[in-house]
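Any read-out appearing in this document is the output of simple, stated calculations on the displayed coordinates, not a laboratory observation. This is a predicted model, so every value here is computed, not measured. Using ideal geometry, Cβ is built from the backbone for each residue, glycine included, and neighbour counts are taken over all protein chains shown.
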Amino acid sequence: MPDAGERGRSVAPDGPLLEVRDLQVSYGSGVLALQGVSLEVKPGEVVALVGANGAGKTTLLKTIAGLIEPLAGEIRFGGRRLDQVDGSDRVRLGVALVPEGRRLFSRLKVSENLTLGTVTNRDARHRAEMFERVYSLFPVLRERAGQRAGTFSGGQQQMLAIARALMSRPTFLMLDEPSLGLAPLMVDQIMEALQQLHEREALAMLLVEQNVPAALKLADRGYVLQTGRIALEGTGKELLNSDLVRRAYLGM
């Protein structure tokens, strides 16, 4: 299994890091949650995925992460068939997911939650480097490293959830509704942190976000998902200015 230093080496600078081709997913009801979805994310690129509730956005992220098995289609990461790899091995390859609702261990301390993010790499040097990295990005976590996660505000818990995902040193980060339920000021802080990751570390991201303007302003490109199908794609600016997005998601 390649280590962090080997991740993405086979990917050409202008080629895709993640490729999803004709993906079909069903929850067993006979109705397809994803109906032939295709998209790609290039190295260092932020891609937004927007759409109404029930469009299949979370299903897509979970399928890429290995939590749901597709009926058909392919997922490639760095040229490798990701859909043929176990979920834990996908983390080792550089894929990380920040799930909707954060899913923290509320009774564990901040530092303990972060340590769980390094479960696929127990190297002490790696762990120390990643602690410093996430504490630099979110200073409040350093200040409250000994505090239980359950005592944090919603915004602080979201910071911790993102930091925990970063502890595995991913080359590709997926985020499912990181601003959900947060106050506007905290939303700005979360988006600023993602912008820093994009600019300073060129971390590739696939962002599912209910705050459509914030997501598309951050994103290099975006896709609109409607009832399990890609309805529209383009640059973040193009989607912000499209009639479909303005009518359906911006109320204009």
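About its Cα centre, what dipole magnitude does the chain give when the only charges are +1 on Lys and Arg Cβ and -1 on Asp and Glu Cβ, stated in debye to the nearest 20?
It works out to roughly 600 debye.
Roughly what would the spin-label model give for Arg246 and Arg21, points 7 Å off Cα along C-beta, in nm?
Going from the Arg246 label point to the Arg21 one covers 3.7 nm.
Got a sec? Charge dipole of the chain, +1 on Cβ for Lys and Arg, -1 for Asp and Glu; which of Gly78, Ala124, Gly236 is way out at the positive end?
Positive-end residue among those listed: Ala124.
Order by neighbour count: Arg127, Arg221, Arg164, fewest other Cβ atoms within 10 Å first, most last.
The order, fewest Cβ neighbours first, is Arg127, Arg221, Arg164.
Distance between the C-alpha centers of the range 31-58 and the range 73-142? Whole Å please.
Between the Cα centre of the range 31-58 and that of the range 73-142, the gap is 21 Å.
Between Phe105 and Val31, what is the FRET efficiency for a Förster distance of 45 Å, r being their Cβ-Cβ separation, to the nearest 0.05?
0.85
Based on the Cα coordinates of the range 152-252, what is the per residue volume of their convex hull in Å³?
Spelled out: Cα convex hull of the range 152-252, divided by residues, is 111 Å³.
If each of Leu71 and Leu180 carries a label point 7 Å out from its Cα toward its Cβ, how far apart are those two points in nm?
So the two model labels end up 2.4 nm from each other.
Going out from 0 in 5 Å bins, what whole percent of all Cα-Cα distances in the chain drops into each bin?
Going out from 0 Å in 5 Å bins, the chain shows 1, 6, 14, 18, 20, 18, 13, 8, 3, 0, 0 percent.
Rounded to the nearest 20 Debye, what is the dipole magnitude of the range 103-169 about its Cα centre when Lys and Arg each give +1 and Asp and Glu each give -1 at the C-beta?
140
Treat the count of other C-beta atoms within 10 Å as a stand-in for reagent exposure and order Phe131, Phe105 from fewest to most.
If I rank by nearby Cβ atoms, fewest first, I get Phe105, Phe131.
Which lysines does Lys62 reach when only Cα atoms under 21 Å apart count, and residues fewer than 8 places away in its own chain are ignored?
Lys42
Could you check the simple spin-label distance between Ala145 and Ala231, using points 7 Å along Cα→Cβ, in nm with one decimal?
4.7
Taking every DSSP beta bridge with both residues inside the chain, roughly what % is antiparallel (nearest 5)?
Counting DSSP beta bridges with both partners in the chain, the antiparallel share is about 55 percent.
Report the Rg/Rh value for the range 103-169, based on alpha-carbon coordinates and the Kirkwood definition of Rh.
Dividing the radius of gyration by the Kirkwood radius yields 0.93.
What is the extension gain from Glu201 to Arg127, computed as 0.36 nm multiplied by their sequence separation minus the C-alpha to C-alpha distance, in nm to one decimal?
Roughly 24.9 nm would be gained on extension.
Excluding Tyr27 itself, what net charge comes from residues whose Cβ is under 14 Å from its Cβ, given Lys and Arg +1 and Asp and Glu -1?
0
What value, in deg cm²/dmol to 500, does the helix sum -39500 (n - 2.57) over DSSP H runs of n ≥ 4 give at 222 nm once divided by the residues of the chain?
-10000 deg cm²/dmol
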